[in-house]
Every structure is written in C-alpha cells, then in structure tokens.
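The values are calculated or read from the model by the stated rules, or taken from the named source; none is laboratory data. Predicted, not measured: the structure shown is a model, and the values here were computed from it. Counting neighbours? That spans all protein chains shown, and the Cβs are built from the backbone with ideal geometry, glycine included. Each accessible area value is taken on the protein alone, full model and side chains, heavy atoms only, with ligands, DNA and RNA left out. Shrake-Rupley method; radii C 1.70, N 1.55, O 1.52, S 1.80 Å.
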Amino acid sequence: MIRKAVTKDASRLAEILIFAKRTAYRKIFNNDNVSFNEMQVLDLALDFRDKESKLDNLYVYDDGIVKGLIRWGKIGSKDAEIFELYIDTFFQGQGIGNILIKNCIEHAKDEGTIKIFLWVLEKNYNARKFYKKHGFKWAGISKFEEGTTEVLLRYKLEV
C-alpha cells in the first residue's frame, strides 16, 4: 500500500498537492492569486514528470488509487524531517494520514533516527492536532512563512 512515488504518478501527485494545499491554506493566506494562478496542476505534474529528483524521498499510499503522499528524509546522521504530508481531499478522514505517518516513523526508527522534525503553520489547527495525536510536540522554535506574516511552528518527535 505504501510505495515509492514513480514518474507515472506525476499527475496524481500534482492533483493531490494542489487541491489539498488550496483546501488547507486558502483561508489562512487569503491569497487567491497564489491559490489559483501560481499553483497549477499541469505545471506541477510536468515538474514531477521531467525532474526525477522531485520524486526523491516521496512515498504514496496506493490501494489501486494514489490517495495520499508523504515526503520525508534524513537530516544529519540521527534526525529526519517530514517535508510534506497530504491526503486527497476526497479521502481525508479515512486513516490514510495515520498509515503514512506511522510508516514514516517505523522506517525512521529502523534507520536509527532519534528525532523527527516538521514545520506546521500555527493556524493549521487540523494538522497540529493530527501531529500531536502522533506524539509530536512543539520544539519551542517558530519562524515566519517566507514572504508572509504567518507563523510556522517547529514540531519534533523523539522516537
């Protein structure tokens, strides 16, 4: 069910990312120009198709339909970071995010990881609740999302 993303997933990956980000972030950033002009499914799909490195450390939940994705990787010798975790809006609430994050945590443990980090928007309450449910805690570090006044919080999980 969870596998490495491949080039043939390009359009599905782009579709999930664009629509999930619009759903999660439009009310936070209130920037329709970014949501509907700058963020384009085709452009992102072509990026995935043409730049194989875009698939590095990217894993999908696939039960015959790619329904979600997670990108994570090692940072340093003992730590890892989750860079993206998105579920298709039609399949949210079905436990797919739980499966993806648990798989990530197990693989990170197997690789000798001590801590897993991630950044989450302060106003993304659903994501914060989800990560807390999985044992992540605020690491006491925050910063502004680049080019905005929105605050990102650094979360960590000691595995």
Residue 109 under 23 Å from residue 156 (Cα atoms), in contact with a Ser or Thr (Cβ under 8 Å, 6 or more places away or on another chain), basic (Lys, Arg) and touching a residue at least 24 places away in the same chain (Cβ under 8 Å): no
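Taking the condition within 27 Å of residue 155 (Cβ to Cβ), touching a strand residue (DSSP E or B) at 6+ places or on another chain (Cβ under 6 Å) and either open to solvent by less than 20 Å² (accessible area, probe 1.4 Å) or at pLDDT below 95 (or both), does residue 73 pass? It would help to see each step written out before you state the result.
Working: within 27 Å of residue 155 (Cβ to Cβ): yes; touching a strand residue (DSSP E or B) at 6+ places or on another chain (Cβ under 6 Å): no; either open to solvent by less than 20 Å² (accessible area, probe 1.4 Å) or at pLDDT below 95 (or both): yes.
Here the answer is no, as residue 73 does not meet what is asked.
Look at the stretch 12-31 and say how many of its residues are open to solvent by less than 70 Å² (accessible area, probe 1.4 Å), touching a residue at least 60 places away in the same chain (Cβ under 8 Å) and not aliphatic (A, V, I, L, M). So that I can check it myself, show each step before the final result.
Let us first name the residues in the stretch 12-31 that are open to solvent by less than 70 Å² (accessible area, probe 1.4 Å), namely 12-14, 16-18, 20-22, 24-25, 28-29, 31.
With the extra rule that they be touching a residue at least 60 places away in the same chain (Cβ under 8 Å), the set shrinks to 16-17, 20-21, 24-25, 28-29.
Now drop any that are not not aliphatic (A, V, I, L, M), which leaves 21, 25, 29.
Residues meeting the conditions: 3.
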Only one of 146, 158, 84 that is touching a helix residue (DSSP H, G or I) at 6+ places or on another chain (Cβ under 8 Å), more than 15 Å from residue 3 (Cα to Cα) and either of a type outside the set (Phe, Trp, Tyr) or surrounded by fewer than 19 Cβ atoms within 10 Å (Cβ to Cβ) (or both): 84
Residue under evaluation residue 45, criteria (1) of a type in the set (A, V, I, L, M); (2) within 18 Å of residue 9 (Cβ to Cβ); (3) surrounded by fewer than 17 Cβ atoms within 10 Å (Cβ to Cβ), criterion not met: (3)
Single residue of 115, 123, 109 found to be farther than 20 Å from residue 23 by Cα and either of a type in the set (A, V, I, L, M) or in contact with an Asp or Glu (Cβ under 9 Å, 6 or more places away or on another chain) (or both): 115
